[in-house]
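Remarks on the structure that follows.
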Amino acid sequence: MADSDGEYQGDDGSEDEFGASSGTRSQARDKPRKGGRKGGKAAWEDLQRSWDAVVEGADGTLAGTIEGLAEAQKRARLLKDTTPLQRGIIRHLVLVLDMSFAMMEKDFLPTRHRLSMAYAADFVREYFEQNPISQLAILGMRDGIAVRISDMSGNPSDHLEKLEGWVKQEPQGVPSLQNALEMCRGALFHTPSHGTREVLIVYGALMSSDPGDIHDTLKSLIQDRIRVSIVGLAAQVAICEELSSKTNGGDTSGYNVALDEHHFRDLLLEITTPPATRTKEQSNASLLMMGFPSRTLAAPETMNYCACHHRPTREGYACTRCSARVCRLPAECPGCGLTLILSTHLARSYHHLFPLRNWREVPWSEAKKSGSCYSCLTPFPEVPGKGAGGPKGQDKPDRAPVKGLSESGRYACEVCGNHFCIDCDLFAHEVLHNCPGCQSDTRGAVPANNAQDTAMEIDS
């Protein structure tokens, strides 16, 4: 090997030769390559950076822009289709959690397993809040088999208690989609035809160790009318997309991959909305027998026996058919199998069939009609050009225009025409499911002059 400490000796060549070679290279660069970039621009040069849309206020702060982005995130959760559809409000869903080695990854902090367990608990609470007369079961995938975490039940406390016992257990082994789906079929086999059959899978692995052909299981799922929705945590998997599309009538929206922690939670909570019925058998009207028991308290120095948990209790609900006592509602009577619910449970499920319509954004030209929110009386920003010239002393707002976001901070109901703030808009559509302005409208009430001048009679 030659010594590298010696002086470098270049090839003998004239400047004309170097000039010719450099000219040839420059001409080669100028010629467009086949399949190359158009216009000499790299792909990363066309990126849309979020800080380019930042608009600085007149006082030199970004307070208006930050408030606008926060409102845009709230508004994006409300801009959904509100078309009234026939939905299955009596649902039977099986939640399948991946507990394999892939859930030890830390791309979702603290780990995929910890975050999935925390979001699964949030999903259980929200699921029974939106679907109080529905049923839920939870399964897990680990060591190549499917494990049962909780049985099919309508009591959220039972599911949350069983989930807490699996949080500290470390994930291990490989997942098996086929074993989990076969166990889901067994759990949903005896469910009545008037309810929906659904499976939600949280899948973090990129492989599946199955004992047989999973396509045979897929055919059985289609025959049993079981819908499969999958939330991926790593990347798209071909068999997951096939499972979701073929069990949902060709709709591929049932399979999504989470981008971050917030997106993961949003994807899970989207499943809490009941799906629209598609089959003719589910669309036919049918009668369902239910019982509406009253809460009873045991006599002094006596104790009743709970038929659902087999333990003594002093209060509960007596079945209207067989008088068996259950401690919580909604529930299925252990004695006769009658569905026991309260009237408020039906009322909470009613808003899915007739959802509250989205409120429209109010432009500055119509903002003079209101000075504060109709519901919470929060003052609205002043109209630009009126008096002092707006909130910042200028004729135009200090926030960038965002799709779905009102420039005046006002949102109007299309029925009553009242103006509301973004917080009341969010509360009315996600919690109340009614418009405060429409509910307080007294135009159809009887005038006070026509009422009789007599005191109200109170039953003794």
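The values are calculated or read from the model by the stated rules, or taken from the named source; none is laboratory data. Quick caveat, the model's predicted, so the values are computed rather than measured. So basically every Cβ, Gly included, is an ideal-geometry build from the backbone, and we count neighbours across all protein chains shown. Surface accessibility is based on the protein's heavy atoms, side chains included, excluding ligands, DNA and RNA. Shrake-Rupley method; radii C 1.70, N 1.55, O 1.52, S 1.80 Å.
Between 103, 117, the distinction of being touching a residue at least 24 places away in the same chain (Cβ under 8 Å), open to solvent by less than 60 Å² (accessible area, probe 1.4 Å), closer than 14 Å to residue 160 by Cα and assigned to a helix (DSSP H, G or I) belongs to 117 only.
Residues are listed down the side, and each one gets a yes or a no for (1) among the polar types (S, T, N, Q); (2) at pLDDT below 85; (3) in a helix (DSSP H, G or I); (4) closer than 30 Å to residue 132 by Cβ:
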{"position": "397", "(1), (2), (3), (4)": "no, yes, no, no"}
{"position": "402", "(1), (2), (3), (4)": "no, yes, no, no"}
{"position": "417", "(1), (2), (3), (4)": "no, no, no, no"}
{"position": "425", "(1), (2), (3), (4)": "no, no, yes, yes"}
{"position": "442", "(1), (2), (3), (4)": "yes, yes, no, no"}
{"position": "460", "(1), (2), (3), (4)": "yes, yes, no, no"}
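If the condition is being open to solvent by less than 40 Å² (accessible area, probe 1.4 Å) and more than 22 Å from residue 90 (Cβ to Cβ), then region 138-164 contributes 140, 141, 142, 144, 146, 147, 149, 163.
Is there a residue being open to solvent by less than 60 Å² (accessible area, probe 1.4 Å) and not in a loop (DSSP other than H, G, I, E, B) anywhere in region 356-365? Checked against the condition, which is being open to solvent by less than 60 Å² (accessible area, probe 1.4 Å) and not in a loop (DSSP other than H, G, I, E, B), region 356-365 yields at least one hit.
Residues in region 125-137 that are buried (at least 22 other Cβ atoms within 10 Å of the Cβ) and assigned to a helix (DSSP H, G or I): 127, 128. Taking into account only those residues within region 316-339 that are assigned to a loop (DSSP other than H, G, I, E, B) and of a type outside the set (A, V, I, L, M, F, W, C), which is most open to solvent (accessible area, probe 1.4 Å)? Per the criteria, the residue is 321. Residue count for region 186-196, restricted to those that are assigned to a loop (DSSP other than H, G, I, E, B) and either open to solvent by less than 10 Å² (accessible area, probe 1.4 Å) or touching a Lys or Arg at 6+ places or on another chain (Cβ under 8 Å) (or both): 2. Whether any residue in region 340-353 is modelled with pLDDT of 85 or more, under 28 Å from residue 134 (Cβ atoms) and outside any strand (DSSP E or B) is what I want to check. Looking for residues that are modelled with pLDDT of 85 or more, under 28 Å from residue 134 (Cβ atoms) and outside any strand (DSSP E or B), one finds at least one in region 340-353, hence yes. The residues of region 330-377 that are under 25 Å from the mean Cα position of the chain (by Cα) and among the hydrophobic types (A, V, I, L, M, F, W, C), listed by number, are 346, 347, 353, 354, 356, 359. Candidates 277, 247, 273: the one that is crowded, with 17+ Cβ neighbours inside 10 Å and either free of Cβ contacts under 8 Å to residues at least 12 places away in the same chain or under 23 Å from residue 130 (Cβ atoms) (or both) is 247.
Does at least one position in region 348-355 carry a residue that is in contact (Cβ under 8 Å) with a residue 40 or more places away in the chain, open to solvent by less than 80 Å² (accessible area, probe 1.4 Å) and under 30 Å from residue 242 (Cβ atoms)? Scanning region 348-355 turns up at least one residue that is in contact (Cβ under 8 Å) with a residue 40 or more places away in the chain, open to solvent by less than 80 Å² (accessible area, probe 1.4 Å) and under 30 Å from residue 242 (Cβ atoms).
Each row is one residue, and each column tells you yes or no for (1) in contact with a Lys or Arg (Cβ under 9 Å, 6 or more places away or on another chain); (2) under 24 Å from residue 276 (Cβ atoms); (3) open to solvent by 30 Å² or more (accessible area, probe 1.4 Å).
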residue	(1), (2), (3)
198	yes, yes, no
208	no, no, yes
243	no, yes, no
251	no, yes, yes
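Of all residues in region 202-229, which are of a type in the set (A, V, I, L, M) and under 21 Å from residue 264 (Cβ atoms)? Scanning region 202-229 gives 202, 205, 206, 207, 228.
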